[in-house]
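Everything below concerns the one structure shown next.
The values are calculated or read from the model by the stated rules, or taken from the named source; none is laboratory data. Remember, it's a predicted structure, so these values are computed and weren't measured experimentally. Neighbour counts run over all protein chains shown; Cβ positions are idealised from the backbone, glycine included. Remember, those area values only see protein heavy atoms, side chains included, never the ligands or the DNA or RNA. Shrake-Rupley method; radii C 1.70, N 1.55, O 1.52, S 1.80 Å.
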Amino acid sequence: MSAPLIEVRDVGRQFRVRSGLFGQPKRVVAVDGVSLSLKPGEVLGVVGESGCGKSTLAKVILGLLEPTAGEVLIDGKRLAGLDRRERAKLIQPVFQDPFSSLNPRRRVRDIVGMPLEAQGEATAGEVRKRVEAMLERVGLDPSMGERLPAQLSGGQRQRVAIARALVMRPRIVVCDEPTSALDVSVQAQVLNLLAELRREFGLSYLFISHNLAVVEHVATEVAVMYLGRIVEQNDAETLFRDPRHPYTKALLASVLTPEPKLGIPETGLGDTMPDPTNVPPGCRFHPRCPVAIERCGLEAPATQRKAPALVECHLATIT
Amino acid sequence: MSALLEVSGLEISFGTLSAVRGASIEVRRGETHCLVGESGCGKSVTALAVMGLLPNNGLRHAAALRFDGQDILGLDEKGMSRLRGDRMAMIFQEPMTSLNPAYTVGSQMAEVMVRHRGVSKRAALDRAAELLARVRITSPEMRLGQYPHQLSGGLRQRVMIAMALMCEPELLIADEPTTALDVTVQAQILRLLADLQKDLGLAILLITHDLGVVARTAHRVSVMYAGEVVESSPVEQLFERPMHPYTRGLLSCVPVPGKIRRDQPLGSIPGMVPHVTSGFEGCAFRQRCALVRPDCAGPIARRKPEVDHDYLCQIAPEDMATS
Amino acid sequence: MRSWRAWGLWLGAFIVGFTLLVAIFAPMVATQDPFAQDLSRRLVPPSWMEGGRPQHFLGTDGLGRDYFARLVYGARISMLIGIATVVTSGIIGIAFGVIGGYFGGRIDDVVLFTITARLSIPLILVALAVVSLVGSSLTVVVATLGLLLWDRFAVVARVATMQVRTLDYVAAAWSAGCSQPYIVLREILPNILSPLAVVATLEMALAILLEAALSFLGLGVPPPLPSWGLMIAEAKDYMFFNPWVIMVPGMSLFVLVFGINLLGDGLRDLLKTGRVA
Ligand SMILES: Nc1ncnc2c1ncn2[C@@H]1O[C@H](COP(=O)(O)OP(=O)(O)OP(=O)(O)O)[C@@H](O)[C@H]1O
Ligand SMILES: Nc1ncnc2c1ncn2[C@@H]1O[C@H](COP(=O)(O)OP(=O)(O)OP(=O)(O)O)[C@@H](O)[C@H]1O
Ligand code: SF4
Ligand SMILES: [Mg+2]
Ligand SMILES: [Mg+2]
C-alpha cells in the first residue's frame, strides 16, 4: 500500500464572527476533528450540505487557511513547512465559481502561465509553448490565449482554470465543486476531461460536490460531511448502494432525478437547519434526524472505523 | 387566462453577435416556466432584457414585451426601476456580484423595501428577518448583521431569494437559483418556491441547467439553443417525447443516480454552442447534430406535433420518432 | 438619464483635458510674459470692454501684468499641484490601504489607527503651521498636501483590497506559488484601480482648492508666481471697481473644479453600471 498523498489529522477550523457593533462574538465551527487520507490514484469525493465546511476543509488542505487544530501532511511533509513553489508543484485547486476564479484583467495566456512564471524556471518561450499545449489539451483553441475571461463562457473559463491547475503537472488537484456552475452537456465534457487527465497524468483528486450523481460517477471513495465532521465514509459503490447513516440516506433520497410527475421529494429532515455557531450536544445530527432516539441527544456517537468504512451513529454499524 | 409575462420575438445583439434570436416565452400566473439550455444560449440575457438590465453594449428588440398586459418595451428607466424589485424581482446568477460586499445583508435587504414601499428601516428589517427565517436560515437576526463574504454559497443564495421576495413580487425571475446548493437544501428551496407560488400566485421564470430541477418543478419548459427557443412544451411531454435532437442530446448527458457506469464516459453533445452573428441562416445546431440533412442550412420550420408542443427542426415528428 | 451622465463625463474630461493642454503648452498659448510689470498700464480691462487693449486679451492686473498670461501660467501651477499631490498622496494611501486590507489582523489594526490619527488632524491648521515654520514654496505646498490627503485613498484601497482578496483568483495565484508582492501587484492592484480613479479626481479637486485657499491666505505659493488663488487674493483690493479681476481667476477655478468633479462622477457611474460580464 502506497503512502497517502494527503493526510489530514484531526483538523479543526473555527471562525469568529460578530453580529452588530456590540454583539457577542460567536464561534463558527466550520471543521471539527476531521481525519482523512487520499491515496495515489484515488478520487475522494466529499459531499454534504451547504455550510458544512467542505470548502473550509479544501482551503485548509490547500494551505489557504490555517487550521485551528490538527495538521495536514502533503506527500508526507507538513503543509505549513512547505516552500510555496514546492507546494504548488504538489497540489493545485480548481474552484467552483468560473466568474471569480479568473483575474478579469489578465489574458488567458497569462492566467494559465502564472504557475510556471511563479516557479521561475522556464523561459518565456517554453512557458508559451507549454501554455498552448495545455490549452489544446483541455479543448481550447490556443488562439483563445489572447482573450480576457469576460470573453469566455462558463465552461470555457472552467477549462482555463483546469489548464492553470494542470500546467505544472501537480500530483493532487482539489476540485471544489468544479462543475456546479456549468450545465449538463458542459458538465459531462468537463467530467470526462477530468477523468481523462487523471489517467493521463496519474492525478489524484479531492472532489467536492453537492451533486451526488456526479460524485457517484467520478469518486472511488466518498466522505459525507455534516456540520464540520465526517459522519460516514466508504468506497463509492458501497456507500451509494448501502448507506448507513440516516443523513446519508436522506441525502440520497433528495436527489432530483429527471423524472417528471414525481414532484419535489420531502427530505424528512425538518425545518431546523444546522447552525455551525451552535453545534448541538450529543450527535450533531439529532435535531434533524428522522430516527433519533433519546441517547442521540445526550451522547456523541463514537467513530466506528473499519477501512475503508467509517460511520458515526448510534444506530448504525459497520458489517 | 392571459399571461403575466409575454415575450414575443425577442432579439438581443451585442455588436455583431446575435445573443437571442426571435425568442417567445409566456409565463402565466401561478405557473413555473423553465428555461434550459447550454452556457451561452442566451438564457440570462433574455431574463436581463425582460428586467431592462442589459449591459450598455446590448441592443434589445422585440415584437412585444408585456407585463400584466402593460407594454414594458417602451418604458423608460424610471418606470422600469419602479417595477423592478417591486412587482417583478430577479435572483441573479452570480450572488457575489449582486450582493454588495461593503454592506450587511440586513441593510441591503431593507433598502429594497424602503425604496419601493417607503416603510421605516425598522419595519423593513423585521420583514427581512421574517423572510430569512422563511427561507430556513437559522438565527436570522445574526445573519442580518453579517457581510456577504461571511456566508457560505448556499446561505448567500437563500439571502438572494429572501431579498427578491421583500416586496411580494408577482413575477420572480430566478437565474440558476439552486445551482450552488446541495440536494437537501435544493429540494427544500424548490418546495419553498412551490409553496410561495401557491400562496401568492407567483409566476416564476426559472433558468436552470439541471434537468432534474426542470422535471420536478416546471409546468412548462422552453429549451434554448444559440438564442432560439428550439422546443417548448408542457413538462411531461418534453421528457416523454422529446422532439428536437438537442433536447434529446441534453437528456443523455445527465448522470442518473442508480444507473451509473463509472468506467464509461458520460454521453455528451460534441462541440460547443456556436457564436451566431447577424444574418445567420439555417439551424444553429447543425454542426453538432447527428441527424443533420442538407436542407438544415436553409430556413427551418417550427413544427407542432401536439397542441401546446412545438419545436424548431427540419425533421418532421413522424420521421423523428423512427430515427 | 444615461446619456446625461455620459455627457457629464465627456464635459468633465474635456474641461480637464483642455486645462491640462493649456498648462503644458502655456508658453505657446500665452505670448506675453506673466511676470513683466508695466505700472503705466495697470488694471486695463479685457479687450472687449471699453478701454480694453487688443494686446491684453483679459486686461492687466494691479501691477500691469498681462492677465491672460498669468491665468494660463496659473493653470500650470494648479494642474501641477493637483497632479503632484494626487501622485504623492495616492502612493502613500494606496500602499497603506492595500497592506492593511491584504494582511488583515494586527497590521490592519495599525493601518486603521494611522488612518484615524490622520483623520483627526485638522488639515488647514497643519498646513498653516508647516508653511509658517518652513516658509512657503511650491514644493512645500505639494509635500504638505501630499502628506495630508492620503486618507481617502487608504480607506478606499483597504476596503477594495479586502473584497478582492477573498476572490478565488487570488487563492489560485497563491496556490500557484506566486509570492505575496506578485499577488498584490499583479492580481489585486489592477482590480482596485477603478474606485481609486474616482478618489483621485476628488483629491485632485480638493488639492487645487486647498492650494488656492492657502495662496489666498498668503501661505501657498509665494508671489510673484501666478497661482489662481494668489490672483484672487491680489484682486480683492480692486474688486469693487474692477470686478473682472476677481471674476477671471474665480470662474476658472470654479470651472476646473466643476470639471474634475463631473469627471469623477462620470467615472463612478460608468464603473457602477458598466458591469461588463
Ligand atoms: N471567513 C469566514 N468568516 C466567518 N465564517 C466563515 C468564513 N468562511 C466560512 N465561514 C463559515 O464556515 C462554515 C463552513 O463554510 P464553508 O464555506 O466551508 O461551507 P461549504 O460546505 O463549502 O458550503 P457550500 O456548499 O455552501 O459551499 C459556514 O457556516 C460559513 O458561514
Ligand atoms: N455584456 C456582453 N457583451 C458581449 N456579449 C455578451 C455580453 N453578455 C452576454 N454576452 C453573450 O451573449 C450570449 C448569451 O449569454 P447568456 O449570459 O445569456 O448565456 P446563458 O444562457 O445565461 O449561459 P450560462 O448558462 O452560462 O449562464 C453569449 O454568447 C455571451 O457571450
Ligand atoms: S434542424 Fe437539422 S441540424 Fe437542426 S436539430 Fe434538426 S436535424 Fe439537427
Ligand atoms: Mg463551498
Ligand atoms: Mg446565465
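A few notes on this one:
- Any chance B:Q157 is within 16 Å of ligand 5 (Cβ to nearest atom) and in contact (Cβ under 8 Å) with a residue 24 or more places away in the chain: yes
- For the stretch A:58-72, a residue qualifies if it is over 18 Å from B:S152 (Cα atoms), open to solvent by 20 Å² or more (accessible area, probe 1.4 Å) and aliphatic (A, V, I, L, M), and exactly one does: A:A69.
- Elements of the type strands (runs of 3 or more DSSP E) sitting completely within the stretch A:1-98 and holding at least 3 residues that are within 11 Å of another protein chain (Cβ to nearest Cβ): these cover A:6-18, A:25-38, A:43-48, A:91-94.
- The condition of being closer than 28 Å to C:P181 by Cβ and within 16 Å of ligand 1 (Cβ to nearest atom) does not hold for A:V46.
- One residue from B:R60, B:R29 being in a strand (DSSP E or B) and at pLDDT 90 or above: B:R60
- Any hit, the stretch C:1-15, residues being at pLDDT below 80, part of a loop (DSSP other than H, G, I, E, B), open to solvent by less than 90 Å² (accessible area, probe 1.4 Å) and not charged (D, E, K, R): no
- Sole residue being part of a loop (DSSP other than H, G, I, E, B) and either within 10 Å of chain B (Cβ to nearest Cβ) or touching a residue at least 40 places away in the same chain (Cβ under 8 Å) (or both), chosen from A:S185, A:S180: A:S180
- Screening A:K59, A:K77 for residues that are of a type in the set (D, E, K, R), away from ligand 3 (no atom under 16 Å from the Cβ) and under 30 Å from A:F285 (Cα atoms) leaves exactly one candidate, A:K59.
- Identity of the residue in the stretch B:236-245, more than 18 Å from the chain's Cα centre (by Cα) and at the interface with chain A (Cβ under 10 Å from one of its Cβ atoms), that ends up surrounded by the fewest Cβ atoms within 10 Å (Cβ to Cβ): B:E240
- The helices (runs of 4 or more DSSP H) found entirely in the stretch A:229-303 that carry 1 or more residues being within 13 Å of chain B (Cβ to nearest Cβ) and open to solvent by 20 Å² or more (accessible area, probe 1.4 Å) are A:236-241, A:246-253.
- Within the stretch B:112-129, the set of residues being over 21 Å from A:P274 (Cβ atoms), more than 25 Å from the chain's Cα centre (by Cα) and not in a loop (DSSP other than H, G, I, E, B) comprises B:V114, B:R115, B:R117, B:K121, B:R122, B:A123, B:A124, B:L125, B:D126, B:R127.
- Annotation note: of A:P98, A:P104, the sole residue that is closer than 26 Å to C:V164 by Cα, open to solvent by less than 20 Å² (accessible area, probe 1.4 Å) and within 16 Å of ligand 2 (Cβ to nearest atom) is A:P98.
Let's see how each residue does on (1) within 24 Å of B:I204 (Cα to Cα); (2) within 14 Å of chain A (Cβ to nearest Cβ); (3) part of a loop (DSSP other than H, G, I, E, B); (4) open to solvent by 10 Å² or more (accessible area, probe 1.4 Å):
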site: B:S44; (1), (2), (3), (4): yes, yes, no, yes
site: B:V50; (1), (2), (3), (4): yes, no, no, no
site: B:L54; (1), (2), (3), (4): yes, no, yes, yes
site: B:L65; (1), (2), (3), (4): yes, no, no, no
site: B:S81; (1), (2), (3), (4): yes, no, no, yes
site: B:D86; (1), (2), (3), (4): yes, no, yes, yes
site: B:Q108; (1), (2), (3), (4): yes, no, no, yes
site: B:R136; (1), (2), (3), (4): yes, yes, yes, yes
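- The stretch B:199-235: number of residues that are within 14 Å of chain A (Cβ to nearest Cβ) and part of a loop (DSSP other than H, G, I, E, B): 7
- Those residues of the stretch C:66-92 which are of a type in the set (D, E, K, R) and crowded, with 24+ Cβ neighbours inside 10 Å, in sequence order: C:D66, C:R70
- Breaking point among (1) in contact (Cβ under 8 Å) with a residue 12 or more places away in the chain; (2) touching a strand residue (DSSP E or B) at 6+ places or on another chain (Cβ under 8 Å); (3) open to solvent by 10 Å² or more (accessible area, probe 1.4 Å), for B:G40: (2)
Residue by residue, here is whether (1) assigned by TED's automatic domain parsing to the domain that holds B:R66; (2) at pLDDT below 85; (3) not acidic (D, E) holds:
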site: B:R134; (1), (2), (3): no, yes, yes
site: B:L151; (1), (2), (3): no, yes, yes
site: B:I189; (1), (2), (3): yes, yes, yes
site: B:D199; (1), (2), (3): yes, yes, no
site: B:T217; (1), (2), (3): yes, no, yes
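- Selection of the stretch A:135-153 for residues being open to solvent by 10 Å² or more (accessible area, probe 1.4 Å) and closer than 17 Å to A:T179 by Cα yields A:G139, A:L152, A:S153.
- Counting only helices (runs of 4 or more DSSP H) wholly contained in the stretch C:122-231, the ones carrying 1 or more residues that are under 29 Å from A:Q119 (Cα atoms) and in contact with a Ser or Thr (Cβ under 8 Å, 6 or more places away or on another chain) occupy C:168-175, C:189-216.
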